[in-house]
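Comments concern the structure below.
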Amino acid sequence: LYPWLDVCCGTGDQFRTVKPLGLAFGIDLNFDFIRYAAARAPEIPFICGDAAQLPFKDKSLRALSVSMGLHDKSPELRNTILDEALRVLTPRGKLIVVDFENPWDAKSKVGTLFVRVVEWFAGGEHYRNGKEFLRKGGLRAFLRESGFVEVSRHDIATGSLSFVVARADMDIS
């Protein structure tokens, strides 16, 4: 039973897949996504808002998730989103992230090829930001540089991505 915020929530699929046990919110800049998510999960409050300026008090959330919402952002925006996560998470709060990693074995190399094709079709800034995200070390490096330490990790080779639970690095923050 905890306040959980899903940032860059899109259509709210995370809350339909994993039913929250307590108070949960979704936030996204795209009003059409918010309207769709609210229609599909009316028990969850969805907010049209900016992940770079979260409308929550300091240290007010015990969990914050971002699913596939970091790699496509500019480096500055990615950093701001995780700065906001550090601001709103309680000292023992958890950051739950799913995003791309650089390949780590043969199966993940195949997954990376598939991902690169899909990302190439997304095109433009999305594609450039994703390439830069991986060039700098992917999710693992980004979390470490942003002041988080991993608590647990599940690597998914077929998509060359990882599901990570992290917390603020108390030695940094």
Two-decimal Rg/Rh across segment 30-105, once Rg and the Kirkwood Rh are taken from alpha-carbon atoms: 1.00
For segment 51-165, percent of DSSP beta bridges that are antiparallel (nearest 5) comes out at 60 percent
Helix-only CD estimate at 222 nm, as mean residue ellipticity for the chain, using -39500 (n - 2.57) per DSSP H run (n ≥ 4): -11500 deg cm²/dmol
Of the GluC sites (Glu not before Pro) in segment 21-99, which ones lie in a loop per DSSP and count no more than 10 other C-beta atoms within 10 Å? 43
Normalised alpha carbon radius of gyration of segment 87-161 [divisor 2.2 N^0.38 Å]: 1.20
Rotationally averaged projected area of segment 64-105 (alpha carbon convex hull; nm²): 3.6 nm²
Within segment 101-156, report the chymotrypsin sites (Phe, Trp or Tyr not before Pro) that DSSP leaves as loop and that have at most 16 other Cβ atoms within 10 Å. 104
The set of residues whose placed amide H lies less than 5 Å from the amide H of residue 102, leaving out same-chain residues fewer than 5 positions away, is 139
For the chain the mean separation of alpha carbon contacts under 8 Å (6+ apart) over residue count, i.e. relative contact order in percent, is 20 percent
Segment 1-88: trypsin sites (Lys or Arg not before Pro) in DSSP coil with no more than 11 other Cβ atoms inside 10 Å: 57
Over all directions, how big on average is the projection of the convex hull of the alpha-carbon atoms in segment 21-173, in square nanometres? 9.5 nm²
Of 96, 34, which has the most accessible area with a 1.4 Å probe, and how do the rest follow in descending order? 96, 34
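The values are calculated or read from the model by the stated rules, or taken from the named source; none is laboratory data. Since the structure is predicted, the reported quantities are computational estimates derived from the model, not experimental observations. In this analysis, Cβ positions are derived from the backbone assuming ideal geometry, glycine residues included, and neighbour counts consider all displayed protein chains. To get the accessible areas, we keep the full protein, side chains included, count just its heavy atoms, and leave off ligands, DNA and RNA. Shrake-Rupley method; radii C 1.70, N 1.55, O 1.52, S 1.80 Å.
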